[in-house]
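Let me begin by presenting the structure, written as C-alpha cells, before commenting on it.
Every number here is computed from the coordinates shown, using simple stated rules; none is lab data. Keep in mind that what you see is a predicted model, and the values were worked out from it rather than measured. FYI the Cβ positions are ideal-geometry reconstructions off the backbone, even for glycines, and counts take in every protein chain you see.
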Amino acid sequence: MLVDEYQRSATRRRGEVEHLTGTDEIVARLLELGQNLTTSLDSIITATPTAHQLDQAKSDEARDLARGVAIRSIYPAAARHESAVVEYAAWLRDHGGSARAAISVPNRILIYDREVAVVMFDPDDFTRGAVIINTPGVVAALRGLYELLWESGTDLAPTEADDALKPEERELLQLLAKGFKDEAIARQLGISIRTVRRMINILSNRMESSSRFALGAKAAQRGWL
C-alpha cells in the first residue's frame, strides 16, 4: 500500500525538506500523513473555510477524535464572526478537541504528532505549493510558535463558565496594549472602526476608565492582558 511505502521511506527522508507543488500531490501526501496520525494534530488556518470544508473536517476528524487523537486549531480573529466556524468550534469542543482565534496567524501550518510539519511555501501565494519538514529542530521551533499563538488566543466556542470578558473584547484590549490604532484593530479583528470605538466605550464605562491608558492599566490589573 502507498501508506506502507511512505512509512518505510520515512526514515530515509528524515531531515529532508520536500517541496510539493501540484494540488494532487499535496492532497495525496496530506492523506498519507492523516492515515498515519497517532497522537496529535495542531493546525493554523489563515483563511475562513467554507461550510463544505468544515463539514469535511468534521467527517475526517470525528474518526481521529474517537481514537484519542488530540486536535487543536487556530483561526484568525475575523473567523469569530463566521457562524459556520463558531458552530464547528463548538462541535470540536464537544468531541474532545479545541479551537481558538488568534490576532495574528503567520502561515498555514499543520503539525502531525509533533514530528512532521506542513507549511505553505509562500503564505501570500498558495500556488507555490507546500513544504513538508521533519527536521527535529525546525519542527520544535514551529511547535514553539504554535504554543505562543495558542496561549495568546481565545476560545472560538467559549462556555458559560468562561471569563465575563468576551473573546473579541480581550483581543481588542491586547491590540490596544500594543499601541494599535482603531483602523488597524478593525482590520485585525475583521470588524468596522465604528464597532471598535463602540467596544472601547463599553469597556471604558464598565471599568470606569477615563482614557485608553487607564483602560489598559485596569485590564492588566484584572489579568485580562
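Numbers for the structure displayed
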read-out: Options R72, R67; residue that is free of Cβ contacts under 8 Å to residues at least 24 places away in the same chain and either basic (K, R) or within 17 Å of I109 (Cα to Cα) (or both); value: R67
read-out: Helices (runs of 4 or more DSSP H) fully within the stretch 4-121 counting 3 or more residues that are of a type in the set (V, I, T); value: 23-35
read-out: Checklist (1) within 12 Å of the chain's Cα centre (by Cα); (2) surrounded by fewer than 19 Cβ atoms within 10 Å (Cβ to Cβ); (3) not aliphatic (A, V, I, L, M) applied to E87, failing item; value: (1)
read-out: Residue count for the stretch 122-161, restricted to those that are out of contact with any strand residue (DSSP E or B) (no Cβ under 6 Å at 6 or more places or on another chain), surrounded by fewer than 18 Cβ atoms within 10 Å (Cβ to Cβ) and part of a loop (DSSP other than H, G, I, E, B); value: 9
read-out: Residue list for the stretch 162-186, filter: closer than 13 Å to A77 by Cβ and surrounded by fewer than 13 Cβ atoms within 10 Å (Cβ to Cβ); value: none
